[in-house]
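The values are calculated or read from the model by the stated rules, or taken from the named source; none is laboratory data. Predicted, not measured: the structure shown is a model, and the values here were computed from it. Note that each Cβ is placed from the backbone with ideal geometry, even for glycine, and that neighbours are counted across all protein chains shown. To get the accessible areas, we keep the full protein, side chains included, count just its heavy atoms, and leave off ligands, DNA and RNA. Shrake-Rupley method; radii C 1.70, N 1.55, O 1.52, S 1.80 Å.
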Amino acid sequence: MSSHPSTTEEIKTVGDLPVEKIDKTEDYRIYAAISYFVILIVIGLPLWWKTTEVYRVPLPYTRIAALNESDFVLVTNVTIASLDIDRGKQLASDLDNFFKTSKLFKVHFVVTQVQKQILASAQSIQALELSSVSRRQAGDILLLEVPGLPRFTPSQVLVGRRRIVYFATDTSSVKLTEVLQQWLFQEETLQRMISSMVSPTKSELDLAGRRRMPTASAYDVMVTIVNPDPEKVQLNWDLQEAIENFLSPFLRNLAPLADYNVKSQWLYFVPLQVQPKLVPEQPGIRKHFALSEELLPHIITPLEKKLASHVSQNPCLNFVVYVPPCSESPLYIYRQEGVILRGGVNAFLSPRWGGIIIHNPPQDICDNTTVVEPKPVEADWSKIMGTFLAQLRLLVGVPELDDIPRVSMLPLAASGMRQWELDSLYRVRIMEQLTSAMLTLQSLSQLLGEISNIVIDDEVGDSIQEAVSAVERGIELLHQGNLLAAFEASKQAFLSAEAAFTDPSLLALLYFPDDQKYAVYIPLFLPVMIPVLMSLKNIYLWAASKVRHKGKEKVD
Amino acid sequence: MRALLFFVTIFYVNEYVQAVRQIPDDILRGNHTNNWAVLVDTSRFWFNYRHVANVLSIYRSVKRLGIPDSQIILMVADDMACNPRNPRPATVFNHRKQHINVYGDDVEVDYRGYEVTVENFVRLLTGRLFPGTPRSKQLLTDEGSNILVYLTGHGGDGFLKFQDSEEVTSQELADALEQMWQKRRYHEIFFMIDTCQAASMYEKFYSPNILAVASSLVGEDSLSHHVDPAIGVYIIDRYTFHALHFLERVSPDSMKTMGEFLAVCPKQECISTVGVRRDLFPRDPHKVPITDFFGSLRPVELGINYLNVSIALPLTENTIRPVKQEEKYHYAQQFPTHLFQTRAT
């Protein structure tokens, strides 16, 4: 049925319908196909992709990779104060030539002239330390020439308690280099620690590092007194007071580095669980008991079960005093070669665990039969606490230094720590924390980059950002030579990196791996998509014919 | 009598005078600082009694040789000792003649029953536990820790079945160990697995310092040892039975090496072939003492000089200790009628 033509033009007909109407129908069909295409593929496909995406906070991958390239350089200022300015300049240039080759340290040397009157008027080195010299920033050293040094000490170089090194006029620059390199900067320790962290399978054993407690923000110090037979030995010791007098000043020095919680306990009826050998009376040697070196680990193992040192999650330093009864005393520790331990201290240390002291009751009380059991034993606190402090220093990370000929140190003060030792400790902890944070971040970025299915939520993203910024800040502060602020930054970096790595959410893989995603969606959508895609061909042909048609019309 | 005393004295002096046993330096100065153990049993149901007996046998040996409970993570998926079908309650034996009660009276199970899941196991290894997890459920190792990992249960080619409902694949395990290595959470790992086709579990490992032993190779089944007619179930697996037999003769100061332990179950005893993976382990197992993994011998250093410390002034004379107010406690009222009393008019 033909309809009335709306125009006065001639209408061609094909069959029933006019040609124009056929074209229009074809056009409408093509328009429908185009709209399907637009909705399904141009809008729908990206929408589907976006909505099935895993929530991942963008991470600073390039910044983390860049951390690998950056080297940690410790900047320190060394002031050389000498009587003769030229001599000072000569020393400075010699030392500078040596330290130019150092990988970790960048040392700036400043030369000043010292006043002779101050040096001459000093009665002793201690007076000199306390008097004139101004405070130095953490990490800096002053090399002070003291012409009258032979008055006080036979050594050529004397390292003080503060950040000052006194040297005699005839000291060579080689000797000063040795002192700076081995004692004050301890570059080898730092180097070894970094290499053992970065490539542990290739580096050799780092003994000092193995002994040093791992980095943590808080430690527990547990002092235990073990009395295996309280019916025979009575200990009326005021442990709290002794800790307050001896340990607390030392731990206050370390307060900026970490929190130290001191606990104490008493254990009764806990025997040694090893059998020491009885050494009978010999001319010149009293009867005593010998504890050989290889039995010592077997003391720690059963004792650990009773110590309750695992109550908190902080690493614990255990210090144990064992008081044997008179029937088992005196108990001496023997070295492997069968030689008694010299130095008068029956104590041993276990790396990263703590130390044990064997405090024998005095012989006169034991021999005196008029004293009725339980026999009271007094504590020799200076010896006991002195040993604990020595062990604590080693465990905290202050290493024993090799002797350099003709170089000596001032003995320790009551606080138990020299300022430059504290500086080295800061440096070690800073490097350890920064290296650890860097390794953690790299491992995390590798993990999260490779597995595209893990959800990275805001918390983890924030922690990672914070850690990266803190590492960069730490490196910057090290360049400026500000040790204390660099330590804060490194601590922040370490804690943030740990928090990001051990976040519980990083385990939950959305059970949505790629092959499963396609396996679910393809059977649903592919049958729909096929006609749409096939109609692309028709659309293209129609569009091409339209263009040709338009062209023809124009020509006509 | 006096002659006897004389001889005894001579004997003791002789003992002392002779050099003490020559122990090689490696044992005394081991590179690790502490020891941990992660012992996992993954099967439930009464007929898997032998898996619980396996893991408890290893737990008992490890504890006897010195690793404290605070450093052992024991995961047992089902309770056999208090199972209503156990005719001998509160005991788990690993031999029908009931020589040893491996349950003991001081067993400390950290993950029990339904807490033994793949997720918890991987969280434990990688350290991604929820905050607030008790310390006994955490693996707080550091870069000086030697860890013994023992898995037992039903397994197949490339997987280990947990709780009859899920499985952990060898790739997941390898990745978890690699995450541990990245964070330097272990020094060396000794990986023991007693399941069917156990060797497939260690084939995908790629982190260094791991020594692995499996009770059977791929394609073989690990077999159980014997049945207890009183209970009616198999009570121990062959490999663990012979391993336990070996460990029972080890004392904390033993000189036995890991090489001997790796050879512990020859084919005629075990019927399946014991597989060993040693390419990731740099040391020679014949030079590694068994206490490096099974016992806990901390290294020891001597020769510390004590510091001459003197207190500047006796602080306690000048400081006043704050007097602690004694808190008074009282019992709560049994019937809190004071809460309901209306105001008396």
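Given in Å, the Rg to one decimal and the Dmax to the nearest whole number for the Cα atoms of the range B:34-297 are 16.9, 49. Taking θ as phi - 60°, what are the ³J(HN,Hα) couplings along the range B:289-298 by the Karplus curve (6.51, -1.76, 1.60), each to the nearest whole Hz, with x for Gly and Pro? Values per residue, Gly and Pro as x: x, 5, 6, 5, 10, 8, x, 9, 10, 7 Hz. Taking 7 Å steps out from each Cα toward its Cβ at A:N97 and B:D157 produces label points 7.1 nm apart. Chains B and A together bury some 5800 Å² of accessible area, summed over both sides, with a 1.4 Å probe. What the phi angles of the range B:156-163 give under the Karplus curve with 6.51, -1.76 and 1.60, with θ = phi - 60°, is a coupling list of x, 6, x, 8, 10, 8, 10, 6 Hz, glycine and proline written as x. What residue among B:F93, B:F121, B:F47 has the largest mean-square fluctuation in a Gaussian network model of chain B, using Cα springs under 10 Å? Of the options given, B:F47 has the highest mean-square fluctuation.
Return a whole-number percent for the relative contact order of the range A:75-185, with Cα pairs under 8 Å and 6 or more residues apart as the contact set. So the answer I get is 28 percent.
Could you work out the percent of alpha carbon pairs in the range A:213-396 separated by over 30 Å, rounded to a whole number? When every Cα pair of the range A:213-396 is considered, 20 percent fall beyond 30 Å. With all protein chains kept in place, the per residue accessible area of the range B:202-261 amounts to 38 square angstrom at a probe of 1.4 angstrom. Taking the helices alone, chain B has a mean residue ellipticity at 222 nm of -7000 deg cm²/dmol, built from -39,500 (n - 2.57) per DSSP H run of at least 4 residues and averaged over all its residues. Heavy-atom accessible area for A:T76, with the other protein chains in place and a 1.4 Å probe, reaches approximately 0 Å². Helix A:419-450 and the longest principal axis of the Cα set of chain A meet at an angle near 30°. Between the helical axis of A:19-37 and the longest alpha-carbon principal axis of chain A there is an angle of about 10 degrees. Within the full protein context, the accessible area of B:M255 is estimated at about 90 Å² for a probe radius of 1.4 Å.
Spin-label pair A:R63-A:D86: with each label point 7 Å from Cα along the Cα-Cβ axis, the two points sit 5.4 nm from one another.
Rg of the Cα atoms in the range A:75-185, relative to 2.2 N^0.38 Å, amounts to 1.00. Cysteines in chain A lacking any other cysteine Cβ under 4.7 Å from their own Cβ: A:C316. Between A:M409 and A:V159, the built amide H atoms are under 5 Å apart, and every one of these is 5 or more places off in sequence or on another chain.
Any idea what angle helix A:483-501 forms with the longest principal axis of chain A, computed on alpha-carbon atoms, 0 to 90 degrees, nearest 10? That helix lies at roughly 50 degrees to the long axis. Using C-alpha pairs below 8 Å separated by at least 6 residues, the relative contact order for chain B is 19 percent.
Under the simplified labelling scheme, the A:D515-B:K137 pair shows an inter-label distance of 3.4 nm, with each label point 7 Å from Cα along Cα→Cβ.
Starting from the Cα of B:E248, step 7 Å toward the Cβ, then list every residue of the range B:80-105 with an amide N under 16 Å from that point. Residues passing the 16 Å test: B:92-104. Judged by a Cβ-Cβ distance under 4.7 Å, the unpaired cysteines of chain B are B:C82, B:C196. Cα-based radius of gyration for the protein assembly as shown, normalised by 2.2 N^0.38 Å, reads 1.28.
Multiplying the residue separation of A:S70 and A:K24 by 0.36 nm and subtracting their alpha-carbon distance yields 9.6 nm. Amide H to amide H, with H built 1.01 Å from N, B:C196 comes under 5 Å of B:G155, B:S222, counting only residues 5 or more places away or on other chains. Scalar couplings 3J(HN,Hα) for the range A:353-367, obtained by applying the Karplus form with A = 6.51, B = -1.76, C = 1.60 to θ = phi - 60°, are 10, x, x, 10, 10, 9, 9, 6, x, x, 5, 5, 5, 5, 6 Hz; x denotes Gly and Pro.
Only protein heavy atoms count here; under a 1.4 Å probe, B:H245 has an accessible surface of about 110 Å².
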